[in-house]
Amino acid sequence: MGSLPARILAAVDTSAAARPTLAAAERYAAVCGAELRVLSVVELLPIDGDVVAASFDASAYYDSARAEIERDLWPLVTTAGAQKLLRFGHPMETILDEAEAWPADRVVTGSHGRGWIERTLLGSVTEHLLRLLPCSTLVVPAHAALVAAGQTAKG
């Protein structure tokens, strides 16, 4: 049996999966006595500089995303000393980069519970991470978000 993880990276967004994912990551870090780093990635706008009018200002989008994360996500992090990181980029690549650069012993992420058609057409960041991360991954299932919100899977 291996040693307990010393560095846990929680990768979260502002979806309903954030609360149970953070709760699981914080409990896991506490049990292991591990350092916790919470990462949220804001996806870049798909803007082609040659096509966009000079008057378009993407900074409003990024400022709004930053404000939403600071208002809605960071207060959910209750672990003293946990690092909160906001990055801008492609979520899967950014999470992989952070997990490798830090380096994380474990990544905790949530599943949004998309159906197979959505996963096939859109892909799944979590599924890609499971295949590509250099460390173990804990996936908090989508139904945990429903339970945390006091709902059932049927309703």
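The values are calculated or read from the model by the stated rules, or taken from the named source; none is laboratory data. Everything quoted here is computed from the prediction, not taken from an experiment. Cβ atoms come from the backbone with ideal geometry, glycine included; neighbour counts cover every protein chain shown.
Give just the number: which of (1) farther than 14 Å from residue 95 by Cα; (2) part of a loop (DSSP other than H, G, I, E, B); (3) not basic (Lys, Arg) does residue 13 not satisfy? All conditions are met except number (1). Screening residue 92 against (1) modelled with pLDDT under 95; (2) farther than 18 Å from residue 137 by Cβ leaves a single unmet condition, (2).
Scoring residue 78 on the criteria (1) surrounded by 13 or more Cβ atoms within 10 Å (Cβ to Cβ); (2) modelled with pLDDT of 90 or more leaves a single failure, condition (1).
Just one of (1) closer than 20 Å to residue 102 by Cα; (2) surrounded by fewer than 18 Cβ atoms within 10 Å (Cβ to Cβ); (3) at pLDDT 95 or above fails for residue 68. It is (1).
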